[in-house]
Amino acid sequence: MPTSQIKNAGFFVLLASTFLPTSLYLLSPWLPSPDQNLLTSLALLSLSTYLLQDLLFPAPASGWVAPGKLPAAGSTVARITEILVYPLKSGRGISVKSCMAGVGGLQRDREFCLVREKKEGEEEGPAVLVTGRMFPKVCSIQPSFDEKERLVLELPGGERHVVEEAHFRQLDGRWYGRTGEVGKEVGLVMWRGPCEGFDCGGAAAAFVSGFLGAKVRLLRMPVASRDLMLDDKYCPAAQKGDVAKFSDYTAYSVCSEASLRWLNAALVARGKEPVGKERFRCNVWVEGEGSMKDRPFLEDAPRLYRLGAVGLRHVKDCGRCVLTTVTDGGKMDKSMEPLNTLKVLRANYYPFVAKDSEYYKGEPFFTTNASLARAGGGGEVRVGDEVKVDEWKDPGAVMQPLLGERNPHGKKFFK
């Protein structure tokens, strides 16, 4: 039985158990030989149970924080519990204790990506991005850096390859590759925005291609140079000057530990297996404090906030895709979880997208996307740093899931 039905049944049981004994007690003077003590006990017990029903039948978290319960601006609402850097797009992450954070994201995050190798004679044009959506095995590649800060790629069987640095040179604030295979500039399109990466050479391409069984090239973007797509029909919160490397849209993603606990509780209640952080590829994980302790989706409510001394600006909620069903072992979960559960419990439409827009479609939301706040500036973020909110969103701008028949994914999940 779904949780909502259990709660509704519980409510009617409580309603009956409260008002029936209470009515009998009020009518007791006119009833033949009533047991006053028993009726009084029943009435008090039922009234206490009614008052405590929120503890006995807690309402499911709705994905937003009530305005009256928001801490004052400038308050500490959480602390950083984990920082994860993903050097290779769709590859496995590296947990670090501290990291430099700038306008383009965490240092070395999403600095490398894979693209499909063009066939001989193929028409010129942007390269095709390769991710774990197409090749789940990409998610099993473990990146790291050696003592010379060179990228090291390790396959599940332990085979490793050191990516030799392309010979880049910097001129007038821009990076250029040398002529030839290594360092050749390759253009591609991400989120409708053009960007470039430098080819890391044939040895790296052959290593990854042999593992995936498809011809790919490894690209590097040493400095964030991809301008975010500015489109008021999609994301009006994006601003000129927002840049990223090969991350999906914004440079930062943030989530709370309580949100993951909430999701795993929902998965278990639906008879599914819990999942780990690797499914969401989020940079910064936080744990709520004070009134925000154990509050799922506290990350949805701030507009401007600080991770230690680094200021971030909420850009949009993150609509999740099939990549959440891929394990860091490079295999797709046949149950399509946690995506299906998110579609049931965390789906809505982007609140700022017009109904006639091509972007108006149901999304299962989990984690948030952010850019560096101009006023806050960059700096170092550390595990244990305080998270302070400088400005909360307007209540109407906080995503609230549509449940039941209002859910944008239809009735197929509600049998």
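The values are calculated or read from the model by the stated rules, or taken from the named source; none is laboratory data. What you see is a predicted model, and the numbers here were worked out from it, not measured in a lab. Please note: Cβ atoms are built from the backbone with ideal geometry, for glycine as well, and neighbour counts cover all protein chains shown. Please note that ligands, DNA and RNA were not included when accessible areas were found on the heavy atoms of the full protein model with its side chains. Shrake-Rupley method; radii C 1.70, N 1.55, O 1.52, S 1.80 Å.
As a length-normalised measure over Cα pairs under 8 Å and 6 or more apart, the relative contact order of the stretch 274-408 settles at 36 percent. Phi-derived couplings, Karplus 6.51 cos²θ - 1.76 cosθ + 1.60 at θ = phi - 60°, listed residue by residue for the stretch 400-405: 10, x, 9, 10, x, 6 Hz, with x used for Gly and Pro.
Residues whose amide H lies under 5 Å from that of Val315, counting only those 5 or more places away or on a different chain, are Asn369, Ala370, Ser371; hydrogens are built 1.01 Å from N in the peptide plane. Computed with every protein chain present, the accessible area of Tyr360 is close to 70 Å² [probe 1.4 Å]. Using a probe of 1.4 Å on the protein chains alone, the accessible area found for Leu345 is around 50 Å². Counting only protein heavy atoms and using a 1.4 Å probe, the accessible area of Glu123 comes to about 150 Å².
Label positions at Thr327 and Glu159, each projected 7 Å from the Cα along the C-beta direction, are separated by 2.2 nm. The 3J(HN,Hα) values that the Karplus relation (6.51, -1.76, 1.60; θ = phi - 60°) gives for the stretch 82-89 are, in residue order, 7, 10, 10, 10, 10, x, 9, 4 Hz. Gly and Pro appear as x.
Computed from backbone phi with θ = phi - 60° and the Karplus coefficients 6.51, -1.76 and 1.60, the 3J(HN,Hα) list for the stretch 331-341 is 10, 8, 5, 5, 6, 6, 9, x, 4, 5, 5 Hz; x is used for glycine and proline. Cα-Cα over 25 Å: which of Lys148/Lys240; Lys137/Lys272; Lys293/Lys334; Lys69/Lys277; Lys118/Lys245; Lys119/Lys240? Going by Cα-Cα distance, Lys148/Lys240; Lys293/Lys334; Lys69/Lys277; Lys119/Lys240 fall outside the 25 Å limit. If you sort Arg116, Arg150 by accessible surface, 1.4 Å probe, largest first, the order is Arg116, Arg150.
For Val216, the residues whose amide H sits under 5 Å from its own are Glu117, Ser209, ignoring neighbours fewer than 5 places away on the same chain, with H placed 1.01 Å from N. Around the amide H of Ser256, modelled in the peptide plane, lie the amide H atoms of Val286, Phe297, Glu299, all under 5 Å away and 5 or more residues distant in sequence or on another chain.
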